[in-house]
1. Give, rounded to the nearest 20 debye, the magnitude of the charge dipole that the stretch 89-180 has about its Cα centre when Lys and Arg contribute +1 at Cβ and Asp and Glu contribute -1 at Cβ.
2. All other residues with a Cβ under 13 Å from the Cβ of Gln192 taken together, and with Lys, Arg as +1 and Asp, Glu as -1, what is their net charge?
3. Which percent, nearest 5, of DSSP beta bridges in the chain are antiparallel?
4. Whole angstrom only: what separates the Cα centroid of the stretch 17-58 from the Cα centroid of the stretch 124-182?
5. How much accessible area per residue does the chain have, counting only protein heavy atoms and a probe of 1.4 Å, in square angstrom?
6. Note the full-extension length gain between Arg201 and Ala26 as 0.36 nm times their separation in residues minus their Cα-Cα distance, in nm to one decimal.
7. Provide Rg over Rh for the stretch 1-70; use the alpha carbon set for both Rg and the Kirkwood Rh (inverse mean inverse pair distance).
8. Put +1 on the Cβ of every Lys and Arg and -1 on every Asp and Glu Cβ in the chain; which of His80, Ala156, Val12 then has its Cα farthest towards the positive end of the dipole?
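The values are calculated or read from the model by the stated rules, or taken from the named source; none is laboratory data. No experiment lies behind these values; they were computed from the predicted model shown. Glycine also receives a Cβ, built like all others from the backbone with ideal geometry; neighbour counts cover every protein chain displayed. Accessible surface is based on the protein model in full, side chains and every heavy atom, while ligands, DNA and RNA are left aside. Shrake-Rupley method; radii C 1.70, N 1.55, O 1.52, S 1.80 Å.
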Amino acid sequence: MNTPVQRPLLLVVSAPSGAGKTTLGARLLEAFPDMIRSISCTTRAPRPGEANGRDYFFIDMAEFKRRIAAGSFLEYAQVHGAWYGTPREPVEQALRAGRDVLLIIDVQGAERIRQLMAPPAAAADLQRAFVDVFIVPPDMATLRQRLTGRGQDDAATIERRLQNAGDEMAGASRFQYRIVNDCLEDAAARLQAIVREEHGRVVKD
Ligand code: ADP
Ligand code: 5GP
């Protein structure tokens, strides 16, 4: 009998800004040290404490357009006024090597990847690996508190992110899984359980 091979995952985690996807993503990476987090490119300015190549690759619009033209992004989108894109090559390389890849991206990016999964466009290894999870904030008041409490954005930015949250929530039903991030411990445990469950699932071509 062959030893069962664990299915590598292309795990897309999405949520309105402030719902807790970065926090839950970090917890997941602690629990699964072999999982690779995709580092996105963005045209937005670094926030204090952010490092190029660790949090994002910070590039200007001209370079971002060059990379779009070269087909370097698996997906890209304009989010809250800046551009963000997932570099294609590291994702494909990691999956080929049997590693899990975590994408923490907005709902437009998740939708774009979902479209890529629809045959006949999809590469079979991407299609087999794809799992998407939407993180739901307990309610809008809590979302506002979290965005304010994080202390990273000015009042106008927070208002814009809260306004966008309504549209983003409308797409929640398109995700395979939804997790309400009320108690952090429960939400982190649920996300880990999904990964364990999906590792073992056999996906036919
Ligand atoms: P996102 O990446 O979705 O924008 P973050 O992970 O940055 O959100 O979380 C926003 C803020 O809310 C952070 O300050 C984080 O520490 C806090 N937070 C995240 N999850 C919870 C939770 N379950 N309970 C309380 N605070 C939380
Ligand atoms: P922030 O500016 O707060 O780091 O991110 C803003 C939003 O952009 C978040 O919802 C984040 O998940 C999303 N984002 C980050 N990288 C990417 C990416 O590569 N593609 C897409 N579509 N969204 C991204």
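1. On the way: 12 positive and 13 negative charges, 39 e Å.
I would put it at about 180 debye.
2. -3
3. Around 30 percent antiparallel, to the nearest 5.
4. The stretch 17-58 and the stretch 124-182 have Cα centres separated by 15 Å.
5. Numbers: 10780 Å² over 205 residues.
Ligands and nucleic acids excluded, the result is 53 Å² per residue.
6. Taking Arg201 through Ala26 to full extension adds about 60.6 nm, to one decimal.
7. The Rg/Rh ratio comes out at 1.08.
8. Val12
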